[in-house]
Amino acid sequence: MIWLKRFAAQAGGQASLQAVVGLPDPTSLDQILHDNLPDLSRQRSWLDAQIIHWIGEISEEDLSRTLSYRNTKGASFNRRLSCLLLHFFNHQTHHRGQVSTLLAQAGMAVGVTDLFTLIPEENNS
């Protein structure tokens, strides 16, 4: 949520992120945003749709722009949007790994988590 609001605040921010701007700001990084799985799932599905729509709007020119923002401690930074997007998606992978570990430790089967299983096989004939 924090990064999406930063992305939405950039000059010429895409309209698809404006709905995210209206969401409440988290009060801490470990704040529980939903008390139950159905609400969390619904919110995450909605948020994923916003992200997919937004990414479809980003241009090559946008990727080369510099985003100025403050971190949660108030320090200022200026970084290229393309690099921040790499962080945004990679960091979600980190958290998904944490969730997979916790579920596995709780005895739940998490299934195959390797990205290569989603990559289509090439026909080299």
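Descriptive notes on the structure:
- In the stretch 13-36, the residues that are farther than 16 Å from I52 by Cβ and in contact (Cβ under 8 Å) with a residue 24 or more places away in the chain reach residues that are in a loop (DSSP other than H, G, I, E, B) and of a type in the set (V, I, T) with C-beta atoms within less than 9 angstrom, at least six apart or across chains, in these pairs: L29/T72.
- The stretch 21-47: number of residues that are over 14 Å from H95 (Cβ atoms), modelled with pLDDT of 90 or more and surrounded by 11 or more Cβ atoms within 10 Å (Cβ to Cβ): 6
- Search result, residues across the stretch 38-85 that are over 15 Å from K5 (Cα atoms), outside any loop (DSSP other than H, G, I, E, B), in contact (Cβ under 8 Å) with a residue 12 or more places away in the chain and of a type in the set (A, V, I, L, M, F, W, C): L63
- Sub-6 Å Cβ pairs linking a first residue in the stretch 104-118 that is under 16 Å from T93 (Cα atoms) to a second residue that is surrounded by 10 or more Cβ atoms within 10 Å (Cβ to Cβ), at least 6 apart or interchain, are V110/S100; V110/L103; V110/A104; T113/S100, ordered by first then second residue.
- All conditions but one from (1) closer than 22 Å to L17 by Cβ; (2) surrounded by 10 or more Cβ atoms within 10 Å (Cβ to Cβ); (3) of a type in the set (A, V, I, L, M) apply to V99; the one that does not is (1).
- Breaking point among (1) touching a residue at least 40 places away in the same chain (Cβ under 8 Å); (2) out of contact with any Leu (no Cβ under 7 Å at 6 or more places or on another chain); (3) assigned to a helix (DSSP H, G or I), for F89: (1)
The values are calculated or read from the model by the stated rules, or taken from the named source; none is laboratory data. These figures come from a predicted structure and were not determined experimentally. Here Cβ is always computed from backbone atoms with ideal geometry, including for glycine, and neighbour counts include all displayed protein chains.
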